[in-house]
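A short write-up of the structure that comes next.
The values are calculated or read from the model by the stated rules, or taken from the named source; none is laboratory data. In this text, all values refer to a predicted model and were calculated from it rather than measured experimentally. Every residue, glycine as well, gets a Cβ built from its backbone with ideal geometry; the counts of neighbours run over all protein chains shown.
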Number of protein chains: 2
Amino acid sequence: MKAAIHGVGTSDFAKQPQLSAGDLVATAVREALADAGVGSVEAAYVGTCFGEPGIAPRTLHRLGIVEIPIVTVENACASGTTAFHLACGAVASGQYERVLALGVETMTSHFSGAIVPELTDAEGASGMALPSLYAMSASRYLANGWVTLEQMAQVSVKNHAHALGNPRAQYGGALSVDEVLSSRPIADPLTLLQCCPITDGAAAVVVGRPRGGAREVPVRSCQLSSGALWDYRTDHAWGYELIGSVAARAYEAAGIGPADIDVFEVHDAFTIGEIVTTEALGLAEEGGGGELVQSGRTAIGGEQPVNPSGGLLSRGHPLGATGTAQVAEVVWQLRGEADERQVAGARVGVVETMGGGASGVDGNAAVVAVLGG
Amino acid sequence: MKAAIHGVGTSDFAKQPQLSAGDLVATAVREALADAGVGSVEAAYVGTCFGEPGIAPRTLHRLGIVEIPIVTVENACASGTTAFHLACGAVASGQYERVLALGVETMTSHFSGAIVPELTDAEGASGMALPSLYAMSASRYLANGWVTLEQMAQVSVKNHAHALGNPRAQYGGALSVDEVLSSRPIADPLTLLQCCPITDGAAAVVVGRPRGGAREVPVRSCQLSSGALWDYRTDHAWGYELIGSVAARAYEAAGIGPADIDVFEVHDAFTIGEIVTTEALGLAEEGGGGELVQSGRTAIGGEQPVNPSGGLLSRGHPLGATGTAQVAEVVWQLRGEADERQVAGARVGVVETMGGGASGVDGNAAVVAVLGG
């Protein structure tokens, strides 16, 4: 794929209802354009889940980004990486020389009232919100003997520790396994500190044709797919097969395997999510993700760090902005600009996001991108 | 551009709250796939304004359209044509052989309660909803002596008469100019019958590489652009410059001029909208759109019919579905399949949609596509 990342930028990730979507976008986009050393783009793809109609032109026009194709895209939690996928495809296929992929979400203002499921939302109406879906995966893993409660908690301990080195993260902290397990129950066996927080934020990526600059990061592949219909008889946890198949295609397109990857930013909306995802990405056998995190191999200082930014659990999860923030983190890592959380010698990085529901009528989607090298 | 339309399909356009978005999508997509003679697509772009997050996989998965990239896109009233623009670009640039562009909106259920503007929506909070914006254009045209009340009403008379030949239209009717002008005032000088209705509907287009089939319609160009910042000192009506510039690029890319076009589907959300748009598209000089419609030239039987489907005013305006429905109508016209509303000998058709707000901080977007020939 002949596309490269020329620049990245993000807002802080926090509960910051005093800032509008436009404020968050302005911070992220200005930083990304300055980082790329450019003043304009030819098109913009803007990922958001709950942004009101018109959010993309409304936020970009005040920055003088006008008179170009501007498209808002939604793909649940993968909205940001879907925008990045479209941006990479448009550049790699020759439609544009330089475009913007942006993600933004103002979660605190959107969810300030009571959350009432839509009548047409079978999952919401039956209580099968996302914590419940992930809790079922966790219960299955526990029942299989594939993970322990302590191993799940270790994901949260690791990612909160990583976030201590990330000044833009929402909740860094030096937690113990006991503190994680004794936090408030949300959806058994998941406790509060095993669930991503509500976050406001924006993140931007300038994607363009390779120019050969020293700080430029090649996009080696970026695959997107919607999932299959959910088959409740499957032996696999939710998302395992989809992430595995998308990753296999992304690795093949990039000409790499899991052992070649130095750093990962993955979708740890819940602790069990990171465990299943690291397995699907080939870092461990199925059922081996718990031991993997316990081994320290996926912590900064280990051989293949996962979520050095703090991940969704600790950097925060402003839905539409998460994917482009993951891309920004990997770019900083591959350039050696990640300061206290730097993964030494990182040359190849992977971004993975999964969004959506799980039932037979709803659907999920995943994006896997291979960057650098 | 090396893309062609292989098939189209739509639901009925009506107030039909008993049907879900999934029901409407199923009707439109099944018809489009059957029309194309295919069973699958490689990617799907789904335009909607108010569809809830996840609407695209949720509605497509139940049709067995799974394990492909599915992207929801929003671009105000141009959401459907934005999906079509992405679909054409993806095929023409070689990313896919065959994809789906879909639009869907369930307006009656979304707007069943009181409509309260978002606090961040400066236009809504100040009463500058879209009827008001169009009413200001109408007032300016009246003040300039560029249009008469009767000429504006004639747009509604024409499009309601056209819709009598369209069994899927919401409100066909044999209206008089007096009936239009004496209907309830909405935003002076616009009356009820000069405003598009609330509509539920879906429309789908299968876009693929040219196969040379007899019923295939070439996409000669499809341009999308966001507007400039609104300059209140301009002498032009809202949208005139944006539509004109996008049309100029679309015509140039297709190698045609306005005189070469046999049939138009344009964004007549309000009567004055069609008048300004026909001028911007080059069918008349600026200020000559009123005389144009009065002359009968844009009625079926005239030299360059505009909105033979009935347009947004009469077919209805389910926001995200409008653009793909416009494409479907032009395809039927170019194939000679438009029955009672057939434009004789139509070989080249144009679709135009404009969406979004008008103020300095909001933004509008327009799509112009040239089909056939």
Worksheet item: Any idea which of A:355, A:336, A:310, A:302 is closer than 25 Å to residue A:227 by Cα and outside the structural domain of residue A:45 (by TED's automatic domain parsing)?
Response: A:355
Practice prompt. Sort through B:309, B:314, B:295, B:359 and tell me the only one that's modelled with pLDDT under 95 and farther than 24 Å from residue A:74 by Cα.
Written response: B:359
Worksheet, complete the sentence: All conditions in (1) within 14 Å of chain B (Cβ to nearest Cβ); (2) within 26 Å of residue A:193 (Cβ to Cβ) are true of residue A:310 except (1)
Fill in: Among residues of the stretch A:163-179, those that are touching a helix residue (DSSP H, G or I) at 6+ places or on another chain (Cβ under 6 Å) and in contact (Cβ under 8 Å) with a residue 40 or more places away in the chain, counted
7
Worksheet item: Out of all the residues in the stretch A:180-191, is one or more within 14 Å of chain B (Cβ to nearest Cβ) and either within 25 Å of residue A:83 (Cβ to Cβ) or modelled with pLDDT of 95 or more (or both)?
Response: no
Fill in: Any strands (runs of 3 or more DSSP E) falling wholly within the stretch A:173-249 and containing at least 2 residues that are polar (S, T, N, Q), in contact with a strand residue (DSSP E or B) (Cβ under 8 Å, 6 or more places away or on another chain) and over 21 Å from residue A:289 (Cβ atoms)
A:217-226
Worksheet item: Among the residues of the stretch B:231-240, is any at pLDDT 95 or above and aliphatic (A, V, I, L, M)?
Response: no
Worksheet item: Is it the case that residue B:213 is away from chain A (no Cβ under 14 Å), surrounded by fewer than 16 Cβ atoms within 10 Å (Cβ to Cβ), under 25 Å from residue B:263 (Cα atoms) and in contact (Cβ under 8 Å) with a residue 24 or more places away in the chain?
Response: yes
Item to complete: Return the only residue of B:74, B:52, B:105 being acidic (Asp, Glu), assigned to a loop (DSSP other than H, G, I, E, B) and not assigned by TED's automatic domain parsing to the domain that holds residue B:273.
Response: B:52
Discussion item. Quick check on my filter: what residues within the stretch A:224-248 are free of Cβ contacts under 8 Å to residues at least 40 places away in the same chain and either in contact with a helix residue (DSSP H, G or I) (Cβ under 6 Å, 6 or more places away or on another chain) or β-branched (Val, Ile, Thr) (or both)?
Written reply: A:234, A:244
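Say we look at the stretch A:63-72 and pick out the residues that are over 21 Å from residue B:54 (Cα atoms) and of a type in the set (Val, Ile, Thr); which of these is farthest from the other protein chains (Cβ to nearest Cβ)?
That would be A:65.
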Item to complete: Please go through the stretch A:47-57 and pick out each residue that is within 19 Å of residue B:44 (Cβ to Cβ) and within 8 Å of another protein chain (Cβ to nearest Cβ).
Response: A:49
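Yes/no per residue for (1) assigned to a strand (DSSP E or B); (2) more than 29 Å from residue B:94 (Cβ to Cβ); (3) in the same structural domain as residue A:207 (by TED's automatic domain parsing); (4) in contact (Cβ under 8 Å) with a residue 12 or more places away in the chain:
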{"site": "A:19", "(1), (2), (3), (4)": "no, yes, yes, yes"}
{"site": "A:27", "(1), (2), (3), (4)": "no, yes, yes, yes"}
{"site": "A:34", "(1), (2), (3), (4)": "no, yes, yes, yes"}
{"site": "A:91", "(1), (2), (3), (4)": "no, no, yes, yes"}
{"site": "A:94", "(1), (2), (3), (4)": "no, no, yes, no"}
Worksheet item: Which members of the stretch B:322-362 meet the condition of being within 14 Å of chain A (Cβ to nearest Cβ) and within 20 Å of residue B:84 (Cα to Cα)?
Response: B:322, B:323, B:353, B:354, B:355, B:356
Discussion item. If I go through the stretch B:134-165 residue by residue, how many of them are surrounded by fewer than 22 Cβ atoms within 10 Å (Cβ to Cβ) and closer than 22 Å to residue B:15 by Cβ?
Written reply: 3
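Residue-by-condition table, conditions (1) farther than 26 Å from residue A:52 by Cα; (2) in contact with a helix residue (DSSP H, G or I) (Cβ under 9 Å, 6 or more places away or on another chain); (3) of a type outside the set (D, E, K, R):
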{"position": "B:12", "(1), (2), (3)": "yes, yes, no"}
{"position": "B:18", "(1), (2), (3)": "no, no, yes"}
{"position": "B:27", "(1), (2), (3)": "yes, no, yes"}
{"position": "B:30", "(1), (2), (3)": "yes, no, no"}
{"position": "B:36", "(1), (2), (3)": "yes, no, yes"}
{"position": "B:39", "(1), (2), (3)": "yes, yes, yes"}
{"position": "B:43", "(1), (2), (3)": "no, yes, yes"}
{"position": "B:53", "(1), (2), (3)": "no, yes, yes"}
Fill in: Residues that are closer than 24 Å to residue B:34 by Cβ and either within 8 Å of another protein chain (Cβ to nearest Cβ) or of a type in the set (S, T, N, Q) (or both), drawn from the stretch B:73-84
B:81
Worksheet item: Does residue A:33 fit the bill of being within 11 Å of chain B (Cβ to nearest Cβ) and farther than 20 Å from residue A:355 by Cβ?
Response: no
Discussion item. What's the number of the only condition in (1) more than 8 Å from every other protein chain (Cβ to nearest Cβ); (2) surrounded by 24 or more Cβ atoms within 10 Å (Cβ to Cβ); (3) aliphatic (A, V, I, L, M) that residue A:60 fails to meet?
Written reply: (1)
Practice prompt. Please go through the stretch B:271-296 and pick out each residue that is of a type outside the set (Gly, Ala, Ser) and farther than 18 Å from residue B:330 by Cα.
Written response: B:271, B:272, B:275, B:276, B:279, B:285, B:286, B:291, B:292, B:293, B:294
Worksheet entry | Residue check, residue B:245 within 14 Å of chain A (Cβ to nearest Cβ), surrounded by fewer than 23 Cβ atoms within 10 Å (Cβ to Cβ) and under 19 Å from the mean Cα position of the chain (by Cα) | yes
Worksheet item: Which one is surrounded by the fewest Cβ atoms within 10 Å (Cβ to Cβ) among residues in the stretch B:217-235 that are more than 9 Å from chain A (Cβ to nearest Cβ) and among the hydroxyl-bearing types (Ser, Thr, Tyr)?
Response: B:232
